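Have a look at the structure below, then the notes.
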Amino acid sequence: MTTRNGIDARRLVGVHAERITDVSSTDYPGHYPGEDHSWDLQKFQKVRREERLSQRSIEFDLVGVDASIANAFRRILIAEVPTMAIEHVYVWNNTTVIQDEVLAHRIGLVPLNIDPALLEMRAPNETPTDRNTVVFRLNVECTQKPNAIKGSKNPDDLYINHELLSSHLEWEPAGEQAEVFRTCPPAPTNPNIVLAKLRPGQAVEMELHAIKSVGRDHAKFSPVATASYRLLPHIIIKQPIPPHLAEKFQKCFAPGVINIDPRTKAVSVDKYNVRKDTVSREVLRHPEFVDKVELSRVRDHFLFNIESESAYAPERLLPEAIQIMREKIAILRKAAEALLNADGAADGDVQMADA
Amino acid sequence: MAIPMEEDQNEWDQINARNWKGIGLTDPIKSVEDKWLLLPAFLKVKGLVKQHIDSFNYFVEQDIKNIVKANNKVTSDVDPRFWLKYTDINVGFPDRNEMSSIDKKVTPNECRLRDITYAAPIMVTIQYTRGRSIVQRNVNIGRLPIMLRSSKCVLTGRSEAELARMIECPLDPGGYFVVKGTEKVILVQEQLSKNRIIVETDTVKGIVQASCTSSTHGGLKSKTYVATKKGKIYLRHNCVHEDIPIAIALKALGIQSDKEILLLTAGNTEAYKSAFSASLEEAAKLGVFTRHQALEYIGSRVKINRRVMGPRRPAWEEALEALATIVLAHVPVNALDFRSKAIFVATMTRRVLMAMEDEKMVDDRDYVGNKRLELAGQLLALLFEDLFKTYNTNLKSAIDKVLKKPSRTSEFDAFNTMQFQGDHLTSGFVRAISTGNWSLKRFKMERAGVTHVLSRLSFISALGMMTRISSQFEKTRKVSGPRALQPSQWGVLCPSDTPEGEACGLVKNLALMTHITTDVDEEPIIRLAFMLGVEGTSIGNLTTPKRLIAPFLDISLATGTEIYGPHTFVVNVNGTIIGLTRYPTRFVAQFRKLRRARRMSEFVSIYINNHHHAVHIASDGGRICRPTIIVEDGRPKVTSEHIALLKKGTVTFDDFLRRGLVEYLDVNEENDTYIALYESDIVPATTHLEIEPFTLLGAVAGLIPYPHHNQSPRNTYQCAMGKQAIGAIAYNQLNRIDTLLYLLVYPQQPMVKTKTIELIGYDRLPAGQNATVAVMSFSGYDIEDALILNKASLDRGYGRCQVLRKNVTLIRKYPNGTFDRLADAPLDENGQVAKKYDIIQMDGLAGVGERVDPGDIYINKQSPTNATDNTFTGQAASVPYKNTPMTYKSPVAGNIDKVMISDTENDQTLIKVLIRQTRRPELGDKFSSRHGQKGVCGLIVNQEDMPFNDRGINPGGCFRICTIKTRSADVESGTDTIMNPHGFPSRMTVGKMIELLAGKAGVLSGNLQYGTAFGGSKVGGTSAPIGRRLTDVLGRGHESDIDRERLQLCRQRYVDEWYHRRASGGLRLFWADLLPSE
């Protein structure tokens, strides 16, 4: 087994100036004679995983799985984790410059802080109930400020309610909702979204119905702003970089990726910060670095980045996605088993879930 | 030896010394930074459609007065003591033409909405005899439609806030009319210049001919030819049956001696003399020797069309009249002095002789200097003159009718007769402008399609229409000459903007800084020319009393020897010879100096034609010219200091003109100049400097980023396509009720702008959106220019557009006393409102905001069954009514956007209902970049299936409304597209690639980029800081490998075009006509 700077060479995807090599993975059973590459949970558990978390996003490494698994999570996160969003808008009055359907579309895109687990999906023709629908009201009128500052051009000084904001959405509890949502009353996740600009005399009066659905149906139901991964960069310095070129070399990479020894001007790759590199291939443009460096990425080391834009806390999203994946696997397993158990003559069709 | 060395050294020292403000002679000349700022200054003064507005202003302020002056008297055949004289005429400001209105002020927007005409009263001051006294009064004789933003328009000079109060868009260029509620443009018409000699050859037939179209004030046109036929030269004109030998024509014009004829035509050149001899013999062979004989010869061949049968006149008199008034009518004949006309004919003959000798001496009729552009003002002036003359004829017959009556009860007052003249002028103007038919029998003018409805599909289409020039001639002929790009178009006509197909090259567009001249009085110019030492040849041209110019007339009778002398240059003013000069260069230089000092209009042009040994001065209207910076002694006269003043706003473009820093050059004068493109190109011979190279493009071509990197036809395609882009059309777009209006819900200003975009305000009224584009092949649904859209982008509002359609009806009152009515929704037997009436409210109209489904009624109108029955005399209320509702026919539901109830000018109730549909992109919708690369949507892909880059950005982004506020500029907004890379190699739109790079660089650095023609952000400059980040390795969304290709994931502007979009629903059987018809 050849290793390159401590990483199995088979795990590397080569990044060259004009092309990318070794894209496909080879670590599956039967590819290399005499080597067993079947899935090994112990091996997977041994690999380091790390996480970084902020208010609305999470970064973590997923190591030792095939790209198809990582991609499945990415796809589920974008399209199949359910959230709540406003779907039906009943307009009683709208005298703003924004047309009814455009305003409704904008309101629909407002992310709501309602835990989807507390509600059920509503079938297309099902009647709205307190179990499947959350009702909001929007009732705003813009008026002149009584003692406005003379000559001011700032609408803040002149008018009351000159902007229709997401914070104007008022939750209207129905049935058992007051009890269910007591700890966390439904509201937009961000109160400062401008939905429309108003001027005195303009008013909006609407009833809004939020339902539960998935991102595949409409992008507004997607729980993430983005969920994606990239591969861990791996930089191999093949020949030492001359000291006078050290700084230039450093500038070819993202800040922090390359360390320069203050005394010897020796160049080294920062073990931890290498993940910050964009693999821009800038270094390959310069003739003085030809054959001195090799860029690559680790094929099974996924740096996941998920930005939540919904009721889910960022750390909850991956478990949700895994849960959905497990449900799918369960359905698939059931179907496969049914096929095996079925008599040859019997109808082999099995009802799949809505996939 | 040493001393000269030392002197040398001294000289060198002197040169290198810093002697003026710390700058030495050898220091590089400081370049004029930002001299392009002259362009916005120019546009600020002149506006984008200055040519239309200037021409209209000239008409209402000056020309209209000249026309009235020429037709100012009405007399009576009955009463010889009666006369009526127009002493003055004025056009007022537009007002409301309704008697009862208190507030007379009217805005163009009201006219558009109410289907009325934006017109102003024409007031004349008349003096006339009433009994024994002479009375002076002011009378309104009709109403003239007013051009928007002209000097008579209420919008001119208003601030943005004032315009907003009038519901008018400050970015609207104006220059059009509002007639019966529709916006009409009088397109610029291109014509061959009038009153100039054009020499052409027909190599097949071996004919050389000089032609001249004469046009005098009043539009009387006739074309005179001097042509060869079998080696002899003849004069040909429509009013003579057969060609007249040139010698006979000249004899008839008063040049009797053969020697003089020879001198005036062939001069002393042997070659010309021998070529002309045959023509000279012709007269002798025909036995014509004297002037009288010549006139008799011509007179017997003149076509006579006389309406009044008078006594038959002798032939020579007929000839004299024809020669004086019809042949070359623009050359004046005062008191039967034919001298100047004879010289003109002789000059034409000489030009023919020259072209026979040397075929290079022919003129190019496609040369822009030989063209004149006819504008709204000139056409309206002709129309006005025709209508005014008819008005006066009608007035005269009306007056005669009254005066004929032997006994009148009261004293005759012509004022009363004028009051009852009806609205001949008003209806004449309205009819001509709304139909576009200029049929003026009096001036033998029969033109259709002069006006067009202003296209409001987009802001650019409206603007593009205002700068369009249509050619008058040869639309169907397959000639290439007039269609080809002319070198003389440089800087004045856009090289890119022309339609494809039939009208290719015939319909042109003005460049950004082009100005079209209006007429300037030539008399002071002629006087000035004489002052500067021009020796007069004739006084024919002047209407001034002789004594004023007498001192200069000492050699007024120059002969051919003098005229064609080797060092003599003939001085022409507007095509007519006025005199000679022996020092043309000095004369021209002095003349220019006076013009730069603003002693005459800046639009007078002068140039030397060395081939013809002539100096031409032009002051006529319709010449195409453009401003340039004057260069003297190798330095531009405009300096950085001037530009600094301009930036401060203390000076305007006019100050630059007045101080002689900048001057207008017309196409002919450009031939006399040496214009440097850039300051670094200035050499000692340079006379001018371009203000900015990108002004050679027009307003539409100027919107293309990096056009100088594109294959030229792509820019032409883009010029046609940019006009179809959907976006915002005007600030008042939501207050307009247009027949059809396409709006984009979320228009964005382009990431990569050009200076032209900012100048015309396209960044404030944008069309299109910036898309994140991956250039890659994907799925096979992107072949043949199809493109792929991200479904999530569409969910988030990318490409969402609105279609607003107008529906109009009149609630009429009929002559028999009956009238239409609106009714509320009828109830069926169960007391329920039928589905199709469910949006009708109490007033019989659909409620605003209601959804209209196919088949719904939105105006429940009812009409009387006997509306056309004029014998009906009963009670209007008791008549039976039938339903005549307005039903929604589109297969897609819409919403009621607006309902307007108003009155038209003739007191009928007008109801307009605007119905809106909001559409989201679907398969088959057309999209285009800004480089003539259009494509239809071939597939809509889910976000998770789209390719994505390291940062999770897929072409199809990741923002929802909240992220507008919470994330900074490095957000890739989520709009996007995949474009197939096969679109590049054959189209060679390198500009598009550069736009991709600049756009991405802009997004990553948070700046807008510039892609101005011949400039703009450099690829190296913009992309250097980002390095190789400009290319992304994309992950495959629907498979699990990393894509092998290196791909461009870049930001580019995609303009949505749904202009050709079919409303969904409903199929048409295309093979219907293939079916057997039985």
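When the residues B:Tyr814, B:Tyr837 are ordered by accessible surface, computed with a 1.4 Å probe over the protein chains alone, the sequence from largest down reads B:Tyr814, B:Tyr837.
Taking 0.36 nm per residue of sequence separation and removing the Cα-Cα distance, the A:Thr95/A:Lys145 pair yields an extension gain of 16.1 nm.
Shown is the FRET efficiency for A:Gln55 and B:Asp681, computed with R0 = 51 Å from the Cβ-Cβ distance and rounded to the nearest 0.05: 0.30. Which is the longest stretch in chain A that no exposed loop site breaks, taking sites as GluC sites (Glu not before Pro) with a DSSP loop state and at most 15 other Cβ atoms within 10 Å? That gives A:177-355 as the longest site-free run.
For segment A:83-220, a crude dipole built from +1 on the beta carbon of Lys and Arg and -1 on the beta carbon of Asp and Glu, taken about the Cα centre, is about 540 debye to the nearest 20.
Fully extending the segment from B:His611 to B:Lys273, taken as 0.36 nm per residue of separation minus the present Cα-Cα distance, adds 119.8 nm. Please work out the FRET efficiency for the pair A:Met325 and A:Ala17, using the Cβ-Cβ distance as r and a Förster radius of 45 Å; give the result to the nearest 0.05. Result of the calculation: an efficiency of 0.75. Counting 0.36 nm for each residue step from B:Arg158 to B:Thr904 and taking away their Cα separation leaves a gain of 265.8 nm.
For segment B:911-950, heavy-atom accessible area (probe 1.4 Å) falls by no less than 50 Å² from the chain alone to the full protein assembly at B:Glu944, B:Phe948, B:Asp950. Computed over segment B:517-696, the Cα gyration tensor eigenvalues convert (square root of 5λ each) into semi-axes of 33, 18, 13 Å, ordered from largest to smallest. Among the chymotrypsin sites (Phe, Trp or Tyr not before Pro) in segment A:199-287, those placed in a DSSP loop whose Cβ has at most 13 other Cβ atoms within 10 Å are A:Tyr272.
How large is the accessible surface per residue of the protein assembly as shown, computed with a 1.4 Å probe and reported in Å² as a whole number? Write down the numbers at each step before the final one.
Details: 65770 Å² over 1433 residues.
Computed with neighbouring chains in place, this is 46 Å² per residue.
Each part gets one Cα centre, and for segment B:102-149 versus segment A:128-164 those centres are 48 Å apart.
By how many degrees, 0 to 90 and rounded to 10, does the Cα axis of helix A:67-79 deviate from the longest principal axis of chain A? With both axes taken from Cα atoms, the answer is about 10 degrees. If you bin all the Cα-Cα distances of chain A at 10 Å, starting from zero, the percentages per bin are 5, 17, 20, 19, 16, 14, 7, 1, 0.
List the trypsin sites (Lys or Arg not before Pro) in segment B:568-650 that DSSP assigns to loop (not H, G, I, E or B) and whose Cβ has at most 15 other Cβ atoms within 10 Å. Which are they? Could you put the intermediate results ahead of the total?
Details: sites: B:Arg582, B:Arg586, B:Arg592, B:Lys593, B:Arg595, B:Arg596, B:Arg598, B:Arg599, B:Arg623, B:Lys637, B:Lys647, B:Lys648; in loops: B:Arg582, B:Arg598, B:Arg599, B:Arg623, B:Lys637.
Answer by residue number: B:Arg582, B:Arg598, B:Arg599.
Between A:Gly14, A:Gly215, A:Gly201, the residue with the greatest mean-square fluctuation in the GNM of chain A (Cα pairs under 10 Å linked by springs) is A:Gly201.
Label-to-label distance for B:Glu784 and A:Lys197 is 4.5 nm, based on points extended 7 Å past Cα in the beta-carbon direction.
Under the classification rounded if a/c is under 1.5, otherwise prolate if a/b is larger than b/c and oblate if not, where does the protein assembly as shown fall, given a ≥ b ≥ c as square roots of the Cα gyration tensor eigenvalues? Because a/c hits 1.5 or more and a/b fails to exceed b/c, the protein assembly as shown counts as oblate. Taking the protein heavy atoms of segment B:711-826 in the context of the full set of protein chains, the accessible area attributed to carbon and sulfur is 49 percent at 1.4 Å. A simple count of charges around B:Gly575, restricted to other residues whose Cβ falls under 10 Å of its Cβ and scoring Lys, Arg +1 and Asp, Glu -1, yields +1. With the simple spin-label model, which puts each label point 7 Å out from Cα in the Cβ direction, the A:Asp66 to B:Lys44 separation comes to 6.8 nm.
Across B:Arg149, B:Arg764, the residue with the most accessible area heads the list, and the full order at a 1.4 Å probe is B:Arg764, B:Arg149.
At a probe radius of 1.4 Å, figure out the A/B buried accessible area, summed over both chains, and give it in Å² to the nearest 100. Each step should come with its number before you reach the end.
Working: alone 20860 and 49150 Å², together 65770 Å².
Interface area, both chains combined: 4200 Å², rounded to the nearest 100.
In the protein assembly as shown, the DSSP-assigned H stretches of four residues or longer account for a calculated mean residue ellipticity at 222 nm of -7000 deg cm²/dmol, using -39500 (n - 2.57) per stretch and the full residue count as denominator.
At R0 = 56 Å, how high is the FRET efficiency between B:Asp655 and B:Val892 if r is their beta carbon distance? Nearest 0.05 is fine.
Values: r = 57 Å, r/R0 = 1.01.
Approximately 0.50, to the nearest 0.05.
The values are calculated or read from the model by the stated rules, or taken from the named source; none is laboratory data. Only a predicted model underlies this, so the values are computations on that prediction, with no experimental measurement involved. All Cβ positions, even for glycine, are placed from backbone atoms using ideal geometry, and neighbour counts span all protein chains on display. Each accessible area value is taken on the protein alone, full model and side chains, heavy atoms only, with ligands, DNA and RNA left out. Shrake-Rupley method; radii C 1.70, N 1.55, O 1.52, S 1.80 Å.
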